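> Before anything else, here's the structure in question.
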Amino acid sequence: MYSSKVSNNKNQCSNGVKNIIMIISFILIIYLMCFNFSIPNTKSLHTSVTLQNDSSSSSLSLSSDTNLEHIVFGIASNENAWSARKELVKMWWKPGRNMRGCVFLEKMPPNYTNNANDSSLPPICISGDTSRFKYTFRGGTPSAIRVARVVTETVALNHSNVRWYVFGDDDTVFFTENLLKTLSKYDHGLWYYIGSNSEHFLMNKAFSYEMAFGGAGIAISSPLAKVLGKVFDTCIERYPHLFGSDARIYSCLAELGVGLTHEPGFHQLDVRGNMFGVLAAHTLRPLVSLHHLEMNDPIFPNMTKMKSLEHLYDAAKYDPHRILQQTVCYDRWFTWTVSVSWGYAVQVFSYNIFLPDALRIQESYIPWQTSDLARHYDFDTRPYEPDPCKRQLVYFLHNVSTGINGQIKTIYRKKTPENCTITMVSPRRLEEIRVVSQKLEIDRKRLLSPRRQCCDVLPSTSRNVMDVAIRECKEDELIFIHP
């Protein structure tokens, strides 16, 4: 009986100890849990702060303006062409704006000094020897390799504070304000390969819809260009069979896993003859570049090619982002359709046409080649009426001026004589079109989501003059034929 009592006491004591241990453990667990929650996760905190800093840095880089000092240009030319083509480069190269870059030649032209003391032109750089690279494209020219290596040689100039490298031919003309505005959409700290295709179906089919055509201009962000420069020479050794320089650049960027970012403001202009239809129906994106101007008719009648290009640039100085922007409105009194391609031309149709038809490119040009497929282009077109008396009237830019409150006034006049019947309701009686507008300011939101502006045909004091005002469209406003 005594042993039984002792055993019971031991059991009770053991149970008590167990209970105490369980209580202490429970308290300890709760304490540790509370302690853990009260101390921030430093790893998570560090990651969060890092992400916020990265986000702030990216936001800062996007919000800070890109200017010409952030761009380095690489222009491909040759000793035979440069003496004439330099006049085209002078059109857009900005003296006194700290522009950087080089014109690359295989050797210095005879009796020619470098452009080092001429701020109206970029300096001349002599391309490196490319004889070690094979070129096997039958009928092509091995100089394509030298032109392709303008990319690596421009990067090797080792300029500081570069955001973008921009490449073009010696007959590429840039509208630099619009180039800057277009590039400002993108984070220059990321990898970007920016440009556009050819207008020509066969060209795109033969090369690639994912290739930026070099004559239109190519923009490559600085970090991508630096990486491309490191691998370019070994890469192009795999492509001796390709035709041009831009195909080599595209192929090596494809090997790096980078695709083309399409920007339709870059223009290869693979058309011949009269480019009116292409220019008068420009995309909503800002005009960035034009190419092949020497191979086509002057863009304004009764002017030389150079004078007509100067005329367009003069208008662009007043409102660079609006140049060639198309606005369509309808005259309710005479059932006319009015299409303004700002800074270039105004078309007046003696009848109403639907807006989508007015936006189509008129086939004023001739095909780049002579085959049947050569007549196919990668844009919407409408026929070119051969009879001038049935064709819409075209009034070309005469002059530009500024007025009160920053208003910009452009005047357009007929430049070609015609012998057509004029009736009371015919627009042929019009001798002059006057267009007023405000300077077009484009922020990043409008770049990402562009919208066409509206216009109104205003009451005029003269039967020989039409007045048009361009303005912002109202939120729910439609551009349509009024009954």
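The values are calculated or read from the model by the stated rules, or taken from the named source; none is laboratory data. Bear in mind that the values here come from a model prediction, so they are computed numbers and not experimental data. Cβ: placed from backbone, ideal geometry, glycine included. Neighbour counts: every protein chain shown. Heads up: the accessible areas ignore ligands, DNA and RNA and are worked out on the full protein's heavy atoms, side chains in. Shrake-Rupley method; radii C 1.70, N 1.55, O 1.52, S 1.80 Å.
> Residues that are under 30 Å from Ile442 (Cα atoms): list the helices (runs of 4 or more DSSP H) wholly contained in the range 204-319 that include at least 3 such residues. So that I can check it myself, show each step before the final result.
Details: elements: 222-236, 245-255, 276-280, 305-318.
Passing ranges, in order: 222-236, 276-280, 305-318.
> Quick check on the range 92-107: of everything there that is in contact with a Lys or Arg (Cβ under 9 Å, 6 or more places away or on another chain) and outside any loop (DSSP other than H, G, I, E, B), which residue is nearest to Ser119 (Cα to Cα)? Please lay out each step first, then the result.
In the first step, residues of the range 92-107 are kept if they are in contact with a Lys or Arg (Cβ under 9 Å, 6 or more places away or on another chain); the result is 103-104, 106.
Checking the rest, the ones that are also outside any loop (DSSP other than H, G, I, E, B) come to 103-104.
On the way: Val103: 13, Phe104: 17 Å.
Only one residue tops the list, namely Val103.
> Determine which single condition Pro459 fails, assuming it passes every other condition in (1) over 30 Å from Val288 (Cβ atoms); (2) touching a Leu at 6+ places or on another chain (Cβ under 8 Å); (3) not hydroxyl-bearing (Ser, Thr, Tyr).
It fails just one condition, (2).
> Okay, moving on. Scan (1) over 19 Å from Ser341 (Cβ atoms); (2) surrounded by 11 or more Cβ atoms within 10 Å (Cβ to Cβ); (3) touching a helix residue (DSSP H, G or I) at 6+ places or on another chain (Cβ under 7 Å) for the single condition Arg428 breaks and write down its number.
(3)
> So Pro122 passes all but one of these: (1) over 11 Å from Gly74 (Cα atoms); (2) part of a loop (DSSP other than H, G, I, E, B); (3) open to solvent by less than 60 Å² (accessible area, probe 1.4 Å). Which condition number does it fail?
Condition not satisfied by Pro122: (1).
> Another question about this same structure. Which condition number does Gln325 fail, the rest of (1) surrounded by 21 or more Cβ atoms within 10 Å (Cβ to Cβ); (2) farther than 28 Å from Glu418 by Cα; (3) not hydroxyl-bearing (Ser, Thr, Tyr) being met?
Condition not satisfied by Gln325: (2).
> Please give the number of the condition Val150 fails out of (1) open to solvent by 30 Å² or more (accessible area, probe 1.4 Å); (2) touching a residue at least 24 places away in the same chain (Cβ under 8 Å); (3) of a type in the set (Val, Ile, Thr).
Of the numbered conditions (1) open to solvent by 30 Å² or more (accessible area, probe 1.4 Å); (2) touching a residue at least 24 places away in the same chain (Cβ under 8 Å); (3) of a type in the set (Val, Ile, Thr), the odd one out for Val150 is (1).
> Let me ask you something else. For the range 432-463: of the residues being farther than 18 Å from Ser401 by Cβ, part of a loop (DSSP other than H, G, I, E, B) and in contact with a strand residue (DSSP E or B) (Cβ under 7 Å, 6 or more places away or on another chain), which is least open to solvent (accessible area, probe 1.4 Å)?
My answer is Gln453.
> Just for the range 233-277: of the residues that are aliphatic (A, V, I, L, M) and surrounded by 23 or more Cβ atoms within 10 Å (Cβ to Cβ), which one is farthest from the chain's Cα centre (by Cα)?
Of everything passing the filter in the range 233-277, Ile236 is farthest from the chain's Cα centre (by Cα).
> Does Glu177 qualify as being closer than 25 Å to Arg97 by Cβ, among the charged types (D, E, K, R) and under 12 Å from the mean Cα position of the chain (by Cα)?
In short, yes.
> Would the range 178-191 turn up any residue that is open to solvent by 30 Å² or more (accessible area, probe 1.4 Å), of a type in the set (A, V, I, L, M) and modelled with pLDDT of 95 or more?
Yes: one or more hits.
> Of all residues in the range 214-230, which are of a type outside the set (Val, Ile, Thr) and open to solvent by 10 Å² or more (accessible area, probe 1.4 Å)?
Of everything in the range 214-230, those that are of a type outside the set (Val, Ile, Thr) and open to solvent by 10 Å² or more (accessible area, probe 1.4 Å) turn out to be Gly214, Pro223, Lys226, Gly229, Lys230.
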